[in-house]
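Data block below; observations after.
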Ligand code: Y39
Ligand code: FE
Ligand code: FE
Ligand code: FE
């Protein structure tokens with residue numbers, strides 16, 4: 001089914017919609033919470049950028065509050081247990097990288113992969129969201145671009161020394177995104193979001209980010225193809 005272009009055909013109050021929303025909304029709430037924690041951790045790892053990273057962390061906290069309000073507005077209880085499980089592998093990889101001071105890996109996971117995932121999901125959600133959630137999500141997605149930009153700028157400035165670690169971290173983490181997408185494909189569809197659109201938007205954002213950082217087209221193709229069939 002093609003990506004819906006207007007929310008007119010969606011019944012936001014049906015049990016089917018609310019059931020799917022309980023998981024997608026939880027993923028977004030948990031994702032924003034973990035993003036908040038990840039930027040606080042990054043502020044420790046990059047003392048030169050402490051203030052800026054703490055300000056990104058604060059934005060993530062506000063995003064979480066916004067999405068909690070979206071769930072309440074539809075009288076949906078977010079399934080946070082599902083959401084923690086959903087993020088567990090990426091979460092563990094971020095934690096273990098941080099414990100080893102592998103800041104390049106931390107930035108790839110949070111500021112490239114998770115931010116691109118968020119930007120794709122929010123862009124695809126906006127046209128099919130209820131009015132309340134649409135306004136919240138439009139405000140949020142603008143800020144996500146600034147988070148992605150932080151990662152791009154830092155990694156671009158450290159490209160030569162970061163390159164090998166980026167390739168390894170990409171190999172370890174990109175396949176997880178496709179696994180995650182497969183897990184929510186059905187629920188996303190109920191919300192009017194098609195997997196093909198999510199994949200397409202993610203690939204565009206992620207490919208552009210890798211290009212801005214300094215990778216060649218050939219390298220980007222090789223890196224993006226990893227785990228696509230997972
Ligand atoms: O940086 C951020 O704010 C990102 C944490 C938020 C994650 C959003 C994850 C979105 C995935 C939704 C999948 C729906 C199909
Ligand atoms: Fe469809
Ligand atoms: Fe956010
Ligand atoms: Fe973010």
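The modelled label-to-label distance for the pair residue 48/residue 200, using points 7 Å beyond Cα in the direction of Cβ, is 4.0 nm. Calculate how steeply helix 131-157 sits against the longest principal axis of the alpha-carbon atoms of the chain, using the helix alpha-carbon long axis, and give the answer as 0 to 90 degrees to the nearest 10. Helix 131-157 sits roughly 10 degrees off the main axis of the chain. Share of Cα-Cα pairs in the chain beyond 24 Å, in percent? Distances greater than 24 Å cover 41 percent of the Cα pairs. Distance distribution note for the range 66-170: the fraction of Cα pairs above 17 angstrom is 62%. Measure nothing fancy, just the Cα-based angle from helix 159-190's long axis to the longest principal axis of the chain, in degrees from 0 to 90, nearest 10. Rounded to the nearest ten degrees, it is 10. Put the Cα centre of the range 47-61 next to the Cα centre of the range 62-103 and the gap is 18 Å.
Remark: the residue 159-residue 171 segment gains 2.6 nm on full extension, using 0.36 nm per residue and subtracting the alpha carbon distance.
The tail of the calculated P(r) for the range 183-230 beyond 18 Å holds 40 percent of all Cα-Cα pairs. Once the Cβ-Cβ distance of residue 96 and residue 225 is raised to the sixth power relative to R0 = 22 Å, the FRET efficiency obtained is 0.30. Entry note, the chain: the mean residue ellipticity at 222 nm calculated from DSSP H runs of n ≥ 4, each adding -39500 (n - 2.57), is -26500 deg cm²/dmol after division by the residues and rounding to the nearest 500. Sorted on the mean count of surrounding Cβ atoms within 10 Å across their residues, most packed first, peptides 21-33, 147-159 read 21-33, 147-159. Relative protection proxy for 171-183, 52-64, from highest mean packing down: 52-64, 171-183 (other beta-carbon atoms within 10 angstrom). Taking 0.36 nm per residue of sequence separation and removing the Cα-Cα distance, the residue 62/residue 85 pair yields an extension gain of 6.0 nm. Rounded, prolate or oblate: which fits the range 143-191 when a ≥ b ≥ c are the square roots of the eigenvalues of the alpha-carbon gyration tensor, with rounded for a/c under 1.5 and prolate only if a/b beats b/c? Oblate is the answer for the range 143-191, as a/c is 1.5 or above yet b/c matches or exceeds a/b. Evaluated on the range 29-116, the Kirkwood hydrodynamic radius is 13.6 Å, with distances taken between all distinct Cα atoms. Helix 195-213: angle to the longest alpha-carbon principal axis of the chain, degrees 0 to 90, nearest 10? Tilt of helix 195-213: around 20 degrees. Once the Cα-Cα distance is subtracted from the 0.36 nm per residue extended length, the residue 149 to residue 211 segment shows a gain of 21.1 nm.
Readers should treat all values here as calculations from the given coordinates under stated rules, not as data from a laboratory. It should be emphasised that the depicted structure is a prediction, and the values quoted were computed from it without experimental measurement. Every residue, glycine among them, receives a Cβ derived from its backbone with ideal geometry; neighbour counts consider all protein chains shown.
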